[in-house]
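Please read the structure below before turning to the comments.
The values are calculated or read from the model by the stated rules, or taken from the named source; none is laboratory data. Predicted, not measured: the structure shown is a model, and the values here were computed from it. When we count neighbours, we look across all protein chains shown, and the Cβ atoms used for this are built from the backbone with ideal geometry, even at glycine. In case anyone asks, the SASA skips ligands and DNA or RNA and just uses the protein heavy atoms, side chains included. Shrake-Rupley method; radii C 1.70, N 1.55, O 1.52, S 1.80 Å.
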Amino acid sequence: MSFLAVTRKVSAATQNQAFNALLFLYRHVLNQEFGKIDGVVRAKRRPYIPVVLSRKEIEAILHHLAPPYDLVVKLLYGCGLRLFECLNLRVQNFNFDAGVLTVHDGKGQKDRTVPLPETILSELRAHLDSLQDLHQRELDQNYAGVFLPNAVEKKYKHAAKDFVWQWFFPAKKFTYVQETGEYRLYHLHDTHVQKAIQQAVRQAGIAKRASAHTFRHSFAGHLLQANYDIRTIQELLGHSDVRTTMLYTHTVKSVTLKEAKSPLDL
């Protein structure tokens, strides 16, 4: 452990991974207690400042993205979603009348609601219409439906084929389930999205380490630039601790008035 930190100079996350691997080995393979270890040098976790893209850079990336990846990125940036939250969206998560998107089972198994960007409502509705056509073609092929969370299928036997349970971003191919001999549909794979984003970033000529999560960072950074309250941003991002949200204050220039004044002088 000390060798990793001192000689190899690995990050704190890498050293912790090695520690957990040793812990697993002792507890589940050797069936022994790991015991107490003293004098081990721990790698220090350095403060990380997220990468935030400008609106111009985001537009350039979107220009090089083909459907449905462009719409995925618009939701990542426009709603501040994590990639797994976006890809796990189902038809029923969208409330177009209220202009609200409901995120179920986010990080920490928490639910939250975020406003839908008005500028992409027409694109979202058009995508929903295309999903209805796709769903009907799939039903004609007698497919078994989508994968469902937890014990939903036991409670609602026909839910897998119900349109409201369909993925908003379905996978390109069916998945064969050996146990049942059925073909099921999963959501779009995250690696496909990541590769599409990486290629678009290169084509746009952006010299930043941009990934799918960067659009979530940009969502928070741009709201701060617009003087949104930090508690509001915390709620939209689904952070349990405001200190996590405060990290984004380092990504943008401060535009607040810091000179102390009496309220009578304002």
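Among the residues of the range 125-162, write down those that are under 20 Å from residue 72 (Cα atoms), open to solvent by less than 70 Å² (accessible area, probe 1.4 Å) and part of a helix (DSSP H, G or I).
Across the range 125-162, the qualifying residues are 126, 127, 128, 130, 131, 134, 135.
Got a number for residues in the range 60-115 being among the aliphatic types (A, V, I, L, M) and over 23 Å from residue 172 (Cβ atoms)?
The total comes to 6.
Would you please list the contacts, defined by Cβ atoms under 7 Å and residues six or more apart or on different chains, that run from a residue in the range 39-66 that is touching a residue at least 24 places away in the same chain (Cβ under 8 Å) and open to solvent by 70 Å² or more (accessible area, probe 1.4 Å) to a residue that is of a type outside the set (Gly, Ala, Ser) and not in a helix (DSSP H, G or I)?
Once the first residue is touching a residue at least 24 places away in the same chain (Cβ under 8 Å) and open to solvent by 70 Å² or more (accessible area, probe 1.4 Å) and sits in the range 39-66, its partners that are of a type outside the set (Gly, Ala, Ser) and not in a helix (DSSP H, G or I) give 49/251.
If I ask for residues that are of a type in the set (D, E, K, R) and out of contact with any Asp or Glu (no Cβ under 9 Å at 6 or more places or on another chain), which ones from the range 131-163 would you list?
Matches in the range 131-163: 133, 137, 138, 140, 153, 154, 155, 157, 162.
Check the range 98-106 and report whether any residue there is of a type in the set (Asp, Glu) and in contact with a Pro (Cβ under 9 Å, 6 or more places away or on another chain).
Within the range 98-106 (the criterion being of a type in the set (Asp, Glu) and in contact with a Pro (Cβ under 9 Å, 6 or more places away or on another chain)), the answer is yes, since at least one residue qualifies.
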